[in-house]
Amino acid sequence: MPCPPYPGGVEPVGNLVSSALVFGFGIAMLLIAFGIVRETLERISLRLQGHRATGVVVSVAEEKDSDGHPEYRPTVDFVARTGERKVAPLAYPVRTRPRTGGRIAVLYRPGDLGHVVPTGIGRGILHMIFFPILVVSGLAAMGISVIMLLGLDNVPLWHGHVLHTGRTE
């Protein structure tokens, strides 16, 4: 038995809007995941082709992440392989506040002494954990939105429905 008609055509518009929002959410998750891949490849490239140096923290700027937690971006004074002295902020903030005057190991691009990153692996481990979660969640959100848009959300499958949305037949 087909579903009863919806007054004023609200259901088709609601389905379209909700499907578009869920699909957009899925795309956003995939974009974040591929941003993580780009940053990870950049760090791998720096580990393979970049130069290492030990710098001295000359100042620390406090920032907030998207959740309001403090992050710190130290400015490091280091000497490049060419003998050139450079003072540059780290490209990525760190979670723990480094001590001004403390030493920190950094990697920098040979052709761009202003691009400096810490040598730690903490950020890489987080990326390895969250990348698959973001990809699977993004693809699932996009798949669910397509199922809803095609009207397959109330198709009987074994003893239930593919995706039960609460509508009754």
If you wrap a convex hull around the C-alpha atoms of region 7-161 and split its volume per residue, what is the figure in Å³?
-> 163
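At a Förster radius of 22 Å, what calculated FRET efficiency corresponds to the Cβ-Cβ distance of Leu149 and Leu31, to the nearest 0.05? Provide the component values of the computation, followed by the final result.
Values: r = 21 Å, r/R0 = 0.94.
It comes out at approximately 0.60.
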Leu107 neighbourhood, Cβ < 10 Å, K/R = +1, D/E = -1, net charge +4
With labels modelled as points extended 7 Å from the Cα through the Cβ direction, what inter-label distance (nm, one decimal) is found for Thr40 paired with Val17?
-> 3.7
So what J values fall out for region 49-65 if you push phi through Karplus, 6.51 cos²θ - 1.76 cosθ + 1.60 with θ = phi - 60°, rounded to Hz, Gly and Pro as x?
-> 10, x, 9, 9, 8, 9, x, 10, 6, 9, 7, 9, 9, 8, 10, 10, 7
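Please report the relative contact order for region 74-151, taking Cα pairs under 8 Å with a sequence separation of at least 6, and give it as a percent rounded to a whole number.
Numbers: 58 pairs, mean separation 16.2, N = 78.
Taking the mean separation of contacting Cα pairs over the length of region 74-151, I get 21 percent.
What does the charge count around Asp65 come to, taking other residues whose C-beta lies under 10 Å from its C-beta (Lys +1, Arg +1, Asp -1, Glu -1)? List each step's numbers first, then the result.
Working: positive: Lys64, Arg95; negative: Glu63, Asp67, Glu71.
Net local charge, Asp65 excluded: -1.
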Whole-Å distance linking the alpha carbon centroid of region 37-55 with that of region 75-146 is 8
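Express the relative contact order of region 7-161 as a whole percentage, based on alpha carbon pairs under 8 Å and six or more residues apart in sequence.
Details: 224 pairs, mean separation 46.3, N = 155.
About 30 percent, as a whole number.
Starting from region 67-138, pick out the trypsin sites (Lys or Arg not before Pro) whose DSSP state is loop and whose Cβ has at most 11 other Cβ atoms within 10 Å. The partial results should precede the final answer.
Values: sites: Arg81, Arg85, Lys86, Arg95, Arg99, Arg103, Arg123; in loops: Arg81, Arg95, Arg99.
Counting only loop positions with at most 11 other Cβ atoms within 10 Å, the trypsin sites (Lys or Arg not before Pro) in region 67-138 are Arg81, Arg99.
Bear in mind that the values in this text are calculations on the coordinates, not laboratory data. Treat the numbers as computed from the prediction; the structure is a model and nothing was measured. Neighbour counts run over all protein chains shown; Cβ positions are idealised from the backbone, glycine included.
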